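J.: Dumping the structure here so I can ask a few things about it.
The values are calculated or read from the model by the stated rules, or taken from the named source; none is laboratory data. Please read these numbers as outputs of a predicted model, since none were measured by experiment. Cβ placement follows ideal geometry from the backbone for every residue including glycine, while neighbour counts extend to all protein chains displayed. Ligands, DNA and RNA are excluded from the accessible area calculation, which covers all protein heavy atoms including side chains. Shrake-Rupley method; radii C 1.70, N 1.55, O 1.52, S 1.80 Å.
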Amino acid sequence: SHEIRTPINAIMGMNEMILRESKDESMKEYAVSIRNASRTLLSLINDILDLSKIEAGKMEIVEDYYKLSAVLNDVVNMVHVKTEQSHLEFSVEVEQSLPDSLFGDEVRIRQVVVNILDNAVKYTKTGSVKLFVQGERIREDAVILKFIIRDTGIGIRKEEVKELFHAFRRVDKEKNRVIEGTGLGLKIAQQLLELMDGTI
């Protein structure tokens, strides 16, 4: 994975230098296009590498103590920019009784939640995206975390729900042809959650 990511990161780094230092407006326009294309490419490569790792049984869930508030803060910061750019209302509602100190793989939890919120933003032209975080206590020392995401987006037809978790497949291609994506996000989210004994 490093052999693939390193040259892309080098291109992105050099391009940032052009964006910062160039006084030529047309050069800056080219550099912005390079930045956008590079980010899309890196995101695609990350998805493919994650999927390959999961399918090869090499994806490790690394559990440790973490702060739920810190994870949610990261999620909000990552998604807020996108909702602002799309002129969408974004809100987060957290159940007050949830403990802040939890044990699990915070990196993968963050990845899954951001992935689904990104989808919500991508397919919502007007209105809002809302994140609800709840918990179901199953033992004195164990809570099942529940992330519920609601949006005012275009939705999908009932008969296409079964297609959602197929790799490289996107529903309603005609209606969504201008929306970027590989069709890998939900498949990866589903498999990561299964590795963490969760469901989507």
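J.: Taking only pairs six or more apart or across chains, which ones have beta-carbon atoms under 6 Å, a first residue in region 102-125 that is under 17 Å from His80 (Cβ atoms), and a second residue that is acidic (Asp, Glu) and not in a helix (DSSP H, G or I)?
T.: Every condition considered, the pairs that remain are Ala120/Asp151; Thr124/Asp151.
J.: Using the structure shown, decide if Asp24 is open to solvent by 60 Å² or more (accessible area, probe 1.4 Å) and either out of contact with any strand residue (DSSP E or B) (no Cβ under 9 Å at 6 or more places or on another chain) or aliphatic (A, V, I, L, M) (or both).
T.: yes
J.: Next question, about the same structure. Filter region 75-99 down to the residues that are assigned to a helix (DSSP H, G or I), open to solvent by 60 Å² or more (accessible area, probe 1.4 Å) and in contact (Cβ under 8 Å) with a residue 12 or more places away in the chain and list them by number.
T.: Met78, Lys82, listed by residue number.
J.: A further question on this structure: Could you please let me know if Leu164 is in contact with a Pro (Cβ under 9 Å, 6 or more places away or on another chain) and either at pLDDT below 90 or open to solvent by less than 40 Å² (accessible area, probe 1.4 Å) (or both)?
T.: no
J.: Okay, next question. Assess whether Ser43 counts as being part of a helix (DSSP H, G or I), over 17 Å from the mean Cα position of the chain (by Cα) and of a type in the set (Gly, Ala, Ser).
T.: Answer is no for this residue.
J.: Looking only at residues that are charged (D, E, K, R) and within 23 Å of Pro7 (Cα to Cα) in region 40-71, which one is modelled with the highest pLDDT?
T.: Selected residue: Lys53.
J.: Follow-up. Could you run through region 30-48 and say how many residues are within 18 Å of Gln111 (Cβ to Cβ) and open to solvent by less than 40 Å² (accessible area, probe 1.4 Å)?
T.: Residues meeting the conditions: 3.
J.: Given Leu88, Leu117, Leu102, which one is within 26 Å of Gly155 (Cα to Cα), more than 13 Å from the chain's Cα centre (by Cα) and among the aliphatic types (A, V, I, L, M)?
T.: Leu88
J.: Hey, can you tell me all the residues within region 50-74 that are assigned to a loop (DSSP other than H, G, I, E, B), among the aliphatic types (A, V, I, L, M) and open to solvent by 30 Å² or more (accessible area, probe 1.4 Å)?
T.: Ala56, Ile61, Val62
J.: Same structure again: Kindly indicate whether any position in region 115-130 is open to solvent by 80 Å² or more (accessible area, probe 1.4 Å), at pLDDT 90 or above, touching a strand residue (DSSP E or B) at 6+ places or on another chain (Cβ under 9 Å) and on the phi < 0 side of the Ramachandran plot.
T.: No; the residues of region 115-130 include none that is open to solvent by 80 Å² or more (accessible area, probe 1.4 Å), at pLDDT 90 or above, touching a strand residue (DSSP E or B) at 6+ places or on another chain (Cβ under 9 Å) and on the phi < 0 side of the Ramachandran plot.
J.: Where residues in region 131-154 are touching a helix residue (DSSP H, G or I) at 6+ places or on another chain (Cβ under 7 Å) and open to solvent by 40 Å² or more (accessible area, probe 1.4 Å), which of them is farthest from Leu193 (Cα to Cα)?
T.: The extreme case among them is Asp151.
J.: While we're here: For region 114-151, which positions are farther than 25 Å from Val71 by Cβ and among the β-branched types (Val, Ile, Thr)?
T.: If the condition is that a residue be farther than 25 Å from Val71 by Cβ and among the β-branched types (Val, Ile, Thr), then Thr126 is the only one that fits.
J.: What are the pairs, 6+ residues apart or on separate chains, where a residue within region 57-74 that is farther than 12 Å from Val107 by Cα has its Cβ under 6 Å from a residue that is modelled with pLDDT of 90 or more and not β-branched (Val, Ile, Thr)?
T.: Here the result reads Ser69/Asp100, each pair linking region 57-74 to a residue that is modelled with pLDDT of 90 or more and not β-branched (Val, Ile, Thr).
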